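Colleague: One structure follows; several queries about it will come next.
The values are calculated or read from the model by the stated rules, or taken from the named source; none is laboratory data. Just so it is clear, the model here is predicted, and its values are computed rather than measured. Here the Cβ positions follow ideal geometry from the backbone for every residue, glycine too, while neighbour counts run over all protein chains shown. Ligands, DNA and RNA are stripped out before the accessible areas are found, and what is left, the full protein with its side chains, is counted by its heavy atoms. Shrake-Rupley method; radii C 1.70, N 1.55, O 1.52, S 1.80 Å.
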Amino acid sequence: APWEALAQRPWIIAPEPSSHGRLVTDLFRDRGLQPERIVEADNESVINNLVESGVGISLIREEIAAQSVEAGRSVVWPGSEVTTQLWLVHSAERDADPLLAALLDVLRDVWAERRA
């Protein structure tokens, strides 16, 4: 389906302020379009359930979408892939916390592997 057809479908997005909603609106704005109908849901599992129930379409994390596709509950449109940045924010007071340091080491390793 072309982007114009996708814009006519109901889109399930997280309400503002959300990176999910911005990702969807940016995808369409970059193409001079906007979704005509929007259904708001503020929980990732609710969004996925609404997609699986046929209420609309949405952006869903790859690992969740893969499970849904494998179970035959949804399909993935091959026309685009969206990436975004993730941020880990913590209190400056916990900078010396050994548990936080260990978590940061693991995240650096995982993110480095995904970039390779």
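Colleague: Roughly how many Å² is the accessible area per residue of the chain, as a whole number, for a 1.4 Å probe?
Modeller: On the way: 8660 Å² over 116 residues.
Here the per-residue accessible area is 75 Å².
Colleague: What net charge do the residues around residue 103 carry, taking every other residue with its C-beta under 13 Å from that of residue 103, with Lys and Arg at +1 and Asp and Glu at -1?
Modeller: Numbers: positive: 94, 108; negative: 95, 97, 105, 109.
Value of the local net charge: -2.
Colleague: What net charge do the residues around residue 65 carry, taking every other residue with its C-beta under 15 Å from that of residue 65, with Lys and Arg at +1 and Asp and Glu at -1?
Modeller: That sum, taken over residues with Cβ under 15 Å, equals -4.
Colleague: Find out how many positive minus negative residues lie around residue 8, taking Lys and Arg as positive, Asp and Glu as negative, among other residues whose Cβ is under 9 Å from that of residue 8. Before the final figure, lay out each step's value.
Modeller: On the way: positive: 9, 37; negative: 4, 36.
Net charge in that neighbourhood comes out at 0.
Colleague: Quick one: pull the percent of accessible area on the chain belonging to carbon and sulfur, 1.4 Å probe, ligands and nucleic acids left out.
Modeller: Numbers: 4550 of 8660 Å².
About 53 percent, which is the carbon plus sulfur part of the accessible surface.
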